[in-house]
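The values are calculated or read from the model by the stated rules, or taken from the named source; none is laboratory data. For clarity, every value in this text was computed on a predicted model and none was experimentally measured. Neighbour counts run over all protein chains shown; Cβ positions are idealised from the backbone, glycine included. Only protein heavy atoms, including side chains, enter the accessible area calculation; ligands, DNA and RNA are left aside. Shrake-Rupley method; radii C 1.70, N 1.55, O 1.52, S 1.80 Å.
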Amino acid sequence: MYSGIEHTAIAAQDTTALCQWYCEIFGFQVAYDNKKTPPTYFVKLGSGLLELIPAGDAGRVDRESADPGLSHFAITVDDFDAAVEALTAKGVSLKNVREASGGVKVGFLDDLEGNLLQIIYRPNPL
């Protein structure tokens with residue numbers, strides 16, 4: 001009955017700027033723009049969708065990656081070292097870059113609005 005995760009949503013202070021950031025940094029493509037002010041976007045990378053919705057007026061709550069709730073989402077890379085080099089060339093700072101078990105390589109970064117992302121290379125998909 002259930003077949004997969006369709007999308008993840010991020011509430012953003014500036015959906016347009018965040019949309020442009022994901023497109024420029026990772027090559028996402030705009031799949032949907034509702035043309036409202038402020039707009040909601042769906043951006044697509046491979047078969048994955050990310051929804052960027054306008055944030056409400058509440059302030060952002062700072063959290064650590066292991067605090068309860070959604071921690072991060074991960075973007076798959078085919079060549080980890082090339083991805084690190086490309087992100088660094090675009091001025092993106094990576095943290096906690098390391099090799100995990102089984103040859104898996106990971107690194108973390110914050111998007112334009114401080115949301116935690118991971119890039120991940122898996123030699124053998126789960």
Taking θ = phi - 60°, what integer Hz values does the Karplus form 6.51 cos²θ - 1.76 cosθ + 1.60 yield along the stretch 21-29, in sequence order, with x for Gly and Pro? 4, 4, 5, 6, 7, 10, x, 4, 10
At the level of C-alpha centres, the distance separating the stretch 19-65 and the stretch 98-113, in angstrom, is 21
Expressed as a whole percentage, what fraction of the accessible surface of the chain belongs to carbon and sulfur atoms when a 1.4 Å probe is rolled over the protein heavy atoms? 51
Could you state, as a whole-number percent, how many of the C-alpha pairs of the stretch 1-44 are farther apart than 11 Å? 68
Any idea how far apart residue 23 and residue 90 come out in nm if each label point goes 7 Å out from Cα toward Cβ? 1.3
With the chain treated as a Gaussian network of Cα nodes joined by springs under 10 Å, which of 35, 95, 105 yields the largest mean-square fluctuation? 35
If you work out volume of the Cα convex hull per residue in Å³ from the coordinates, which of (i) 102; (ii) 94; (iii) 143 do you get? (iii)
Stokes-Einstein D for the stretch 74-126 (4 °C, 1.567 mPa s, Kirkwood Rh from Cα pairs), in µm²/s, comes to 115
Under 13 Å from a label point 7 Å along Cα→Cβ of residue 16: give me every residue in the stretch 44-84 with its amide N that close. none
Accessible area of the stretch 33-126 divided out per residue, in Å², using a probe of 1.4 angstrom: 64
